[in-house]
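I have placed the structure first, in the form of structure tokens, so that the comments after it can refer back to it.
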Amino acid sequence: MQLTDAISVVKGIGEKTEKGLNKLGIYTVQDMLEHYPRAYDIYGRLMNINEIEEGEMAVFVGYMYMNIETKKVRHLTIASCRVKDATGSIGLTWFNMPYIKNTLKSGSYYIFRGKASRKNGMLVIEQPKILSKEEYYNKKDVLQPIYPLTNGVTNNLLSKTVKAIIEEIDLTGDFLPSTIRKENDLVEYRFAVKQIHFPKDKEEMLRARKRIVFNEFFLFTLALTYMKEEKSKKIRKNPYDRGSISDALIEGLPYELTNAQKRAWNEIMKDMCDGVIMNRLVQGDVGSGKTVLAALALAMNAENGYQGTLMVPTEVLAKQHFESLSKLYEPFDISCLLLTGSMTAKEKRLAYEKIKNKEVSVVIGTHALIQEKVEYADLGLVITDEQHRFGVKQREILSTKSENPHVLVMSATPIPRTLAIILYGDLDISVVDELPANRLPIKNCVVNTDYHSTAYRFIENQIQEGRQAYIICPMVEESESMEAENVIEYTQKVREALPPFIRTEYLHGKMKPKEKNEIMEQFAKNEIQVLVSTTVIEVGVNVPNATVMMIENAERFGLAQLHQLRGRVGRGDHQSYCILVSGSRSKETKKRLEILNTSNDGFYIAGEDLKLRGPGDLFGIRQSGDMEFKLGDIYNDAKVLKAANEAAKNMSISEIQKLCSKNERLKHQLEGYIGTTL
Ligand SMILES: Nc1ncnc2c1ncn2[C@@H]1O[C@H](COP(=O)(O)OP(=O)(O)OP(=O)(O)O)[C@@H](O)[C@H]1O
């Protein structure tokens, strides 16, 4: 069995299962091995009842001191009782399991396991499992992998498939030189793959994890080194003429550029006018005004007779940018074109022709589309808006669409400078670390779930004053397909809580781009006042009239992501508010959210976030599912990132090639990264 084999080579994987696996992005044996557990389940030690905390899994021995009562509510049969130990008592509830009444006997002890939640102010455990003594003691310390799932693919199936692969595949031949392994205290790759899926204990799992994360970062750095070298071969380009349009644009803005914007613009301009090829990252906090910098650069590029593109991660954003740039360019002879996936085939064909015939100077679209079969005419500048991604490949593909375009990458992720230098090692960095002067700082509060009705009243008042609100829906862990259902259900609740003149709509990742666009357009026009959304909204949306951002389950997000979400408000002259609703009362959560509560500065927050995370905090929160790395998290694993970078960055191209020639697997992975053959 080879890593590149189709997943169907594994015994027992039929056509139907294969399709299910494909939905999870698993096509090959390697994909399966890299489908890492998102968490591990462990029973752990038996707790006292008074130690049980809301939102946490608990396993404990409870004494049944009363009979189970059952009642019917609509089509639900609810069975409930209370159990106790020497330290306290707790309620248990089962839905549609009437037989439980005959399974558990009053006057006996049982081991229960489940997640505690708060109902009417009291802690209860819903659907607790009942474990036999053997079951508990046999598995007490075993880490059982929990995989990301989709419809028709069970945890058991994934776990069995991985096991079958590990038994058969030959993973010997580690590409990491043993000196690097020793220096960084890393286990062998073969061992790591096995232990990450089926760890003996937590310690082994952490060692396995460290190795795999190191691999990811190491490969990433090798790819950067390679690309940097490629870029350095083509450094000269005809210098641009400064022209007059960008100055006229700045003159015509309804505001003055901030000093940080001016500084960044000067750096961009200098690159383009000096005859070098620009490879620059503009890193700026949310709402710091990066779009205008892109607009200026594209205008100068057009004035010099070149075509330029702006690639963004979502259609909603593409449309938003298209509209604002078209308006900005109205007095000048600069034509814009929008290219998105929801356009009809005919519209797309027409767009392709216009681009090819150079009838347009600025093309704005999503990543996916611009990568397709578009042929540019004199592409001089490529701007990508990366948000959370550190996608080496994305920015590379576009720059191969023409000889030597200038490349500008915009990122709203205020990662600490030390990490930015590593992650964007192939780029020069401009930082926009100042917000426009008209902004009032956002007022924040962290509350628990009892606060809902007050929050809804607050939102209602803001809407009475003409403003709008976002609500980020509570999260569902189980699967993506449940996400949609969950948003719809929650929206209904919000509608019931608010008066009928307020229009509340929802947005989720499973909606068609066209539907999303429509909702966003209506929200931008204030035809919708409350937008309930999953995190799809976090990316770049600009509706300055929205003043409230309420985030449910705030405890489950990374601070940087929360900061991004909060950045959707406070973008205009009105006072804005961020309400963080936390379902957890743990001290740890409080401390984390407090950072956000007291600061609106993204760079500060990112730095504090980094400090707070210890090596134990590994699977709880990822900043985003959209990262380049499957397991590594630049925040949690900052130390490993630095070490891997240190180990890889000084390798010369010939050393990398030598390493690749000795190891087919490394070569294959690296080629995958940079999209060319080595
Ligand atoms: N110097 C400025 N003074 C006042 N307003 C500004 C200034 N620069 C930009 N703006 C306005 O601020 C808002 C946010 O700008 P923009 O959308 O470019 O932010 P951004 O940096 O892209 O943020 P995000 O990363 O959150 O998308 C826009 O409405 C824009 O017109």
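The values are calculated or read from the model by the stated rules, or taken from the named source; none is laboratory data. Bear in mind the structure is a predicted one, so any value in this text is a computation, not a measurement. When we count neighbours, we look across all protein chains shown, and the Cβ atoms used for this are built from the backbone with ideal geometry, even at glycine.
For this structure, a couple of remarks:
- Against the list (1) assigned to a strand (DSSP E or B); (2) away from the ligand (no atom under 16 Å from the Cβ), the condition residue 348 fails is (1).
Each row is one residue, and each column tells you yes or no for (1) within 16 Å of residue 214 (Cβ to Cβ); (2) modelled with pLDDT under 85; (3) surrounded by fewer than 22 Cβ atoms within 10 Å (Cβ to Cβ).
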residue: 634; (1), (2), (3): yes, yes, no
residue: 638; (1), (2), (3): yes, yes, yes
residue: 655; (1), (2), (3): no, no, yes
residue: 664; (1), (2), (3): no, yes, yes
residue: 669; (1), (2), (3): yes, yes, yes
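- Subset of segment 148-179 [more than 21 Å from residue 25 (Cβ to Cβ) and buried (at least 18 other Cβ atoms within 10 Å of the Cβ)]: 174, 175, 176
- Selection status of residue 285, buried (at least 16 other Cβ atoms within 10 Å of the Cβ), within 15 Å of the ligand (Cβ to nearest atom) and of a type in the set (Asp, Glu): yes
- Residue under evaluation residue 322, criteria (1) within 13 Å of the ligand (Cβ to nearest atom); (2) in a helix (DSSP H, G or I), criterion not met: (1)
- Per-region count, segment 566-576, residues aliphatic (A, V, I, L, M) and surrounded by fewer than 24 Cβ atoms within 10 Å (Cβ to Cβ): 0
- Candidates in segment 433-460 are the residues that are β-branched (Val, Ile, Thr) and away from the ligand (no atom under 16 Å from the Cβ); of these, the one that is farthest from residue 498 (Cα to Cα) is 446.
- Residues considered: 241, 271. Of these, the only one that is crowded, with 22+ Cβ neighbours inside 10 Å, away from the ligand (no atom under 16 Å from the Cβ) and charged (D, E, K, R) is 271.
- Strands (runs of 3 or more DSSP E) fully within segment 60-113 counting 3 or more residues that are of a type outside the set (D, E, K, R) and surrounded by 12 or more Cβ atoms within 10 Å (Cβ to Cβ): 76-85, 88-95
- Listing of helices (runs of 4 or more DSSP H) fully contained in segment 499-617 that carry 2 or more residues being within 16 Å of the ligand (Cβ to nearest atom): 513-524, 559-566, 602-612
- Filtered by the rule that a residue be in a loop (DSSP other than H, G, I, E, B) and without any contact (Cβ under 8 Å) to a residue 24 or more places away in the chain, segment 151-169 gives a lone residue, 154.
- A count restricted to segment 302-313 and to residues that are buried (at least 23 other Cβ atoms within 10 Å of the Cβ) and either within 13 Å of the ligand (Cβ to nearest atom) or within 15 Å of residue 266 (Cα to Cα) (or both) stands at 2.
- Annotation: residue 37 fulfils all but one of (1) assigned to a loop (DSSP other than H, G, I, E, B); (2) free of Cβ contacts under 8 Å to residues at least 24 places away in the same chain; (3) under 26 Å from residue 583 (Cβ atoms); the unmet one is (2).
Let's see how each residue does on (1) modelled with pLDDT of 95 or more; (2) in contact with a strand residue (DSSP E or B) (Cβ under 6 Å, 6 or more places away or on another chain); (3) not assigned by TED's automatic domain parsing to the domain that holds residue 427; (4) not hydrophobic (A, V, I, L, M, F, W, C):
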residue	(1), (2), (3), (4)
200	no, no, yes, yes
205	no, no, yes, no
209	no, no, yes, yes
213	no, no, yes, no
221	no, no, yes, yes
228	no, no, yes, yes
234	no, no, yes, yes
243	no, no, no, yes
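- Residue in segment 293-301 that is more than 16 Å from the ligand (Cβ to nearest atom), assigned to a helix (DSSP H, G or I) and buried (at least 16 other Cβ atoms within 10 Å of the Cβ) present: yes
- Residues of segment 647-678 classified as without any contact (Cβ under 8 Å) to a residue 12 or more places away in the chain, over 26 Å from the mean Cα position of the chain (by Cα) and part of a helix (DSSP H, G or I), total: 6
- Identity of the residue in segment 400-432, away from the ligand (no atom under 16 Å from the Cβ) and in contact with a Ser or Thr (Cβ under 6 Å, 6 or more places away or on another chain), that ends up nearest to residue 262 (Cα to Cα): 407
- Members of segment 492-518 found to be in contact with a Leu (Cβ under 9 Å, 6 or more places away or on another chain) and within 13 Å of residue 470 (Cα to Cα), listed by number: 504, 505, 506, 507
- Test: residue 143 is in contact (Cβ under 8 Å) with a residue 60 or more places away in the chain and aliphatic (A, V, I, L, M): yes
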